[in-house]
Amino acid sequence: MKKAVGLRNFFKMYYDGFRNLSKTSKTLWIIILIKLFIMFAVMRAFLFPNFLNSVADNDKDKADYVSTQITKGVE
């Protein structure tokens with residue numbers, strides 16, 4: 001019961017804080033959230049393609065490919 005009251009107070013503190021922001025501050029927070037969405041959702045598709053799916057079909061072949069690439073320079 002005590003944990004629920006603490007969570008409610010925590011949520012209420014942030015809710016009141018964001019509710020009392022000025023128009024400029026709210027606009028800045030919207031810009032920040034849009035930029036975060038672009039960085040993590042949109043750019044992820046372009047910068048981190050799933051390369052292993054193009055190299056191998058199953059997990060064993062992917063593991064073999066990775067292990068050979070890692071140990072290639074060691075030999």
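The values are calculated or read from the model by the stated rules, or taken from the named source; none is laboratory data. Everything numeric here is computed off the predicted structure, so don't read it as measured data. Reconstructed Cβ throughout: ideal geometry from the backbone, glycine too, with neighbour counts over all protein chains shown.
Quick look at the numbers
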| quantity | calculated |
| --- | --- |
| Residue match in segment 62-69 (condition: in a helix (DSSP H, G or I), exposed (fewer than 10 other Cβ atoms within 10 Å of the Cβ), of a type in the set (Asp, Glu) and without any contact (Cβ under 8 Å) to a residue 12 or more places away in the chain) | no |
| Top-ranked residue in segment 28-75 [being more than 30 Å from Phe18 (Cβ to Cβ) and of a type in the set (Lys, Arg); ranked as modelled with the highest pLDDT] | Lys60 |
